[in-house]
Amino acid sequence: MVVIAAPELLEPILTSNTLITKAIEYDCFIPLLGKSLAVAKAEPWKKKNRRLFNPAFKVKILNKFLYAFNDKSLVCAQELEEAIKSHKGGEINVFPIMTSCTMDIICETTMGGKTLNDEDKANYIKNFHGFENIFQQRLNQPWLRLDWLFKLSEPGRRNERFCQGLRDFSNMLISDRRELLKRTKINYESNNNYKNNRENNGHEEKENMVFMDLLIKESDVNSNFTHDEMRDEVSSMMAGVG
């Protein structure tokens with residue numbers, strides 16, 4: 001066993017461009033996340049995705065989301081206060097409240113401003129927790145890591161239902177945002193702001209786009225992603241909620 005006590009010694013490992021192969025346990029996420037950045041193994045694919053997505057997380061983009069962080073944090077604080085009062089100062093389970101807050105923030109920022117209702121959030125959380133539980137089961141029962149056996153098992157069939165529910169949620173986010181872009185007549189190829197940015201700064205149009213808009217553009221305009229690949233990237237981003 002090797003124990004590293006100083007962060008400086010760990011930095012070469014974490015910043016390495018070659019030591020990026022995921023552990024075999026990550027294969028259990030493939031039914032849900034496909035070949036998305038979170039589980040990508042092929043170096044060219046990973047480099048491509050990183051290059052495409054980095055602009056969506058620049059500081060000037062994230063700064064635009066501060067209003068959402070503030071608003072949803074206030075709602076979260078109010079819900080925590082109400083939970084404390086209802087439990088008369090006793091123990092409370094903060095995870096449902098924090099998960100709801102996180103989902104609201106992600107969907108109203110990187111996902112393009114989608115407002116979720118309680119049913120949407122409840123269904124997503126139920127499916128994701130079901131997926132998590134089966135993932136833990138596969139870790140504890142190694143024979144379930146055999147895909148062919150897992151697919152024939154009862155946990156495998158339940159896992160597919162959970163994954164389908166999560167994929168449907170991602171498809172809903174994509175569809176809603178794409179329809180909104182169409183209704184507001186946003187045309188990425190003729191966007192004047194983009195043209196000005198490119199002329200003045202030499203950057204590509206994706207420089208000022210949020211994550212979801214960038215995905216839609218790369219799929220619909222540049223054909224860099226199929227719909228399934230785009231959905232997997234959205235699922236990968238949303239998986240951080242759990």
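Read the figures in this text as sums done on the coordinates, not as results from a lab. Because the structure is a prediction, the values reported are computed rather than measured. All Cβ positions, even for glycine, are placed from backbone atoms using ideal geometry, and neighbour counts span all protein chains on display.
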Along the range 97-102, what does the Karplus equation 6.51 cos²θ - 1.76 cosθ + 1.60 (θ = phi - 60°) give for ³J(HN,Hα), rounded to whole Hz, x for Gly and Pro? 5, 5, 5, 4, 4, 5
Simple spin-label model, 7 Å along Cα-to-Cβ: ASN123 to SER175 in nm? 0.9 nm
At the level of C-alpha centres, the distance separating the range 207-242 and the range 84-117, in angstrom, is 24 Å
Normalise the Cα radius of gyration of the range 83-182 by 2.2 N^0.38 Å (N = residues in it) and let me know the number. 1.36
